[in-house]
1. Please work out which residue is modelled with the highest pLDDT, limiting yourself to segment 81-107 and to residues that are farther than 27 Å from Lys33 by Cα and assigned to a loop (DSSP other than H, G, I, E, B).
2. Can you pull out every residue in segment 27-62 that is among the charged types (D, E, K, R), closer than 18 Å to Ala88 by Cα and in a helix (DSSP H, G or I)?
3. Return the residue satisfying two criteria in turn: it lies in segment 42-80 and is surrounded by 19 or more Cβ atoms within 10 Å (Cβ to Cβ), out of contact with any Cys (no Cβ under 9 Å at 6 or more places or on another chain) and small (Gly, Ala, Ser), and of such residues it is modelled with the lowest pLDDT.
4. Against the condition more than 12 Å from Arg84 (Cβ to Cβ), in contact with a strand residue (DSSP E or B) (Cβ under 6 Å, 6 or more places away or on another chain) and not β-branched (Val, Ile, Thr), how does Glu53 come out, does it pass?
5. Would you please name the residue that is surrounded by the most Cβ atoms within 10 Å (Cβ to Cβ), looking only at residues in segment 23-38 that are among the charged types (D, E, K, R) and within 15 Å of Met13 (Cα to Cα)?
6. Considering only segment 82-100, I want to know if a residue exists there that is in contact (Cβ under 8 Å) with a residue 60 or more places away in the chain and either among the basic types (Lys, Arg) or surrounded by 11 or more Cβ atoms within 10 Å (Cβ to Cβ) (or both).
7. Collect the residues in segment 25-67 that are small (Gly, Ala, Ser) and without any contact (Cβ under 8 Å) to a residue 24 or more places away in the chain, keeping them in residue-number order.
Amino acid sequence: MTIFHCFSGDEAMARECAEHGYFMSFAGNITFKNADELRRAAASAPLELLLTETDPLPHPHPYRGKPGGPYLTPITARMLAEVREMDAGDLAEAVWANAETALGSWD
């Protein structure tokens with residue numbers, strides 16, 4: 001099982017990860033104004049390989065430089081849903097299922 005923590009690659013890297021079945025975990029950097037390439041990678045990655053995370057850094061915009069924590073993960077998830085042109089609730093369900101596949105059941 002491979003998880004790319006705080007994925008920061010481009011579309012080519014996302015394709016490479018997908019070919020190998022690697023999970024790509026997106027953090028707050030997907031919300032940065034200069035992250036167009038990262039957002040394109042997120043849009044192109046297979047839904048079944050996506051995860052979100054709360055990384056100590058980088059926090060999502062507009063929380064850069066402020067205390068971080070799990071409460072910021074929905075901001076990352078909403079951006080991920082937006083770039084994939086899908087409902088945020090549907091994305092959350094997929095990410096939850098992916099997390100259980102990658103890390104095991106929460107039960």
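The values are calculated or read from the model by the stated rules, or taken from the named source; none is laboratory data. This structure is a prediction, so every number in the text was calculated from the model and none was measured. A quick note on method: Cβ atoms are made from the backbone with ideal geometry, for glycine too, and the neighbour counts reach across all protein chains shown.
1. That would be Gly104.
2. Arg39, Arg40, Glu48
3. Among them, the one singled out is Gly68.
4. Here the answer is yes, as Glu53 does meet what is asked.
5. Among them, the one singled out is Glu37.
6. Yes, segment 82-100 contains a residue that is in contact (Cβ under 8 Å) with a residue 60 or more places away in the chain and either among the basic types (Lys, Arg) or surrounded by 11 or more Cβ atoms within 10 Å (Cβ to Cβ) (or both).
7. Passing the criteria: Ala35, Gly65.
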